């Protein structure tokens, strides 16, 4: 039986299941929804847990987390001529696949497999889970449609899941989170200025585009290396994120002739929760900075890292987030066919070659009763040939996960060598 068939059998619903409209997607969410029709942009997180558990405990904890977070019971619906909207599906459950945990499991391959399965038009569940289970050790893998949740949201879900597994109370169900546009004080999504005439949003005959396989690679720094990087970045008046961007750009120049000859531009997603004063909210709550990595000849590693830090500051403001979201709202001002938008994005000049998502602000709690998170890593795929790196520190070790369709096989090892040398 295929993985898709396993998931389908897990989520068959009673015919009496009903639905309630929650809210329209904002501009950024609608853009991600349209792109997912043709290429997989979903997000995954992998968590390795040490301690004795039962499959029933995991099922019950998953149900408790779903009851707490509204968008875990939602799908996306589109009516011709109207904005797509989140719809709560009453009586639904998160698809859960359970597999025996074996010694020969390769987590990067499992993440590759999950990221290769698209959520399509979002009309089904927007989050699915896989549990690799053994008596004293388990691995849980979540994958989510990126229109509904960002990477930080996944970490919050893991925190709630593990708290329930540890016997803690999760508290009352959370209210539905508004979209970023509303939180930023922007106008609500307006009616389309131009509608599709006699055409569906869906891609042509429903077939998906053939793209290179998604590849995943994961590496960790040691505890001493992580501590030294934190200390040195502070001493040099910059950030670990800026140091990582610098190291990864320099590492890419070693591997790619195109990177060596041309400018390297980096996209850095920015978590807006702290600025908006909603630290534990789940949703697509990110802005982003895109800039050229100033690899001028003669500049030292730390000179470059300081320049990267300074260049990012304007984008971290509310005005920077409003500008970005306004750009996406402009793109979806008209009702687009999904394939039309995909072709437009692919034909546009590539604006960046590297993306670095850093969860430095999230302090990973690892102990929950008799259970301990031993490792955690996360990542998502991109539209085109971008080296996409996610960074998170767990148990004092900084981990880097590379996801790409044209993966630079030495990128993480070379970046680690450059960081250690610096």
All conditions in (1) in contact with a helix residue (DSSP H, G or I) (Cβ under 8 Å, 6 or more places away or on another chain); (2) under 30 Å from residue 83 (Cβ atoms) are true of residue 294 except (2)
Among helices (runs of 4 or more DSSP H) entirely inside region 179-259, those with 1 or more residues being in contact with a strand residue (DSSP E or B) (Cβ under 7 Å, 6 or more places away or on another chain) and in contact (Cβ under 8 Å) with a residue 24 or more places away in the chain are 223-235, 240-255
With the first residue restricted to region 280-306 and required to be modelled with pLDDT of 95 or more, and the second required to be in a loop (DSSP other than H, G, I, E, B) and exposed (fewer than 15 other Cβ atoms within 10 Å of the Cβ), Cβ contacts under 7 Å at 6 or more apart or on different chains are 306/237
Picking from 300, 317, 290, the residue that is surrounded by fewer than 21 Cβ atoms within 10 Å (Cβ to Cβ), more than 19 Å from the chain's Cα centre (by Cα) and more than 28 Å from residue 71 (Cα to Cα) would be 300
From the option list 22, 107, single residue qualifying as under 18 Å from the mean Cα position of the chain (by Cα) and surrounded by fewer than 22 Cβ atoms within 10 Å (Cβ to Cβ) is 107
Flagged in region 385-420 as part of a strand (DSSP E or B) and over 18 Å from residue 253 (Cβ atoms), in numbering order, are 390, 391, 392, 393, 394, 397, 398, 399, 401, 403
Subset of region 37-55, residues farther than 19 Å from residue 374 by Cα and out of contact with any strand residue (DSSP E or B) (no Cβ under 7 Å at 6 or more places or on another chain), comes to 37, 38, 39, 40
Would you mind stating whether residue 117 is within 22 Å of residue 379 (Cα to Cα) and either surrounded by fewer than 22 Cβ atoms within 10 Å (Cβ to Cβ) or in contact (Cβ under 8 Å) with a residue 12 or more places away in the chain (or both)?
yes
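The values are calculated or read from the model by the stated rules, or taken from the named source; none is laboratory data. The model shown is predicted, which means the values in this text are computed figures rather than measured ones. Reconstructed Cβ throughout: ideal geometry from the backbone, glycine too, with neighbour counts over all protein chains shown.
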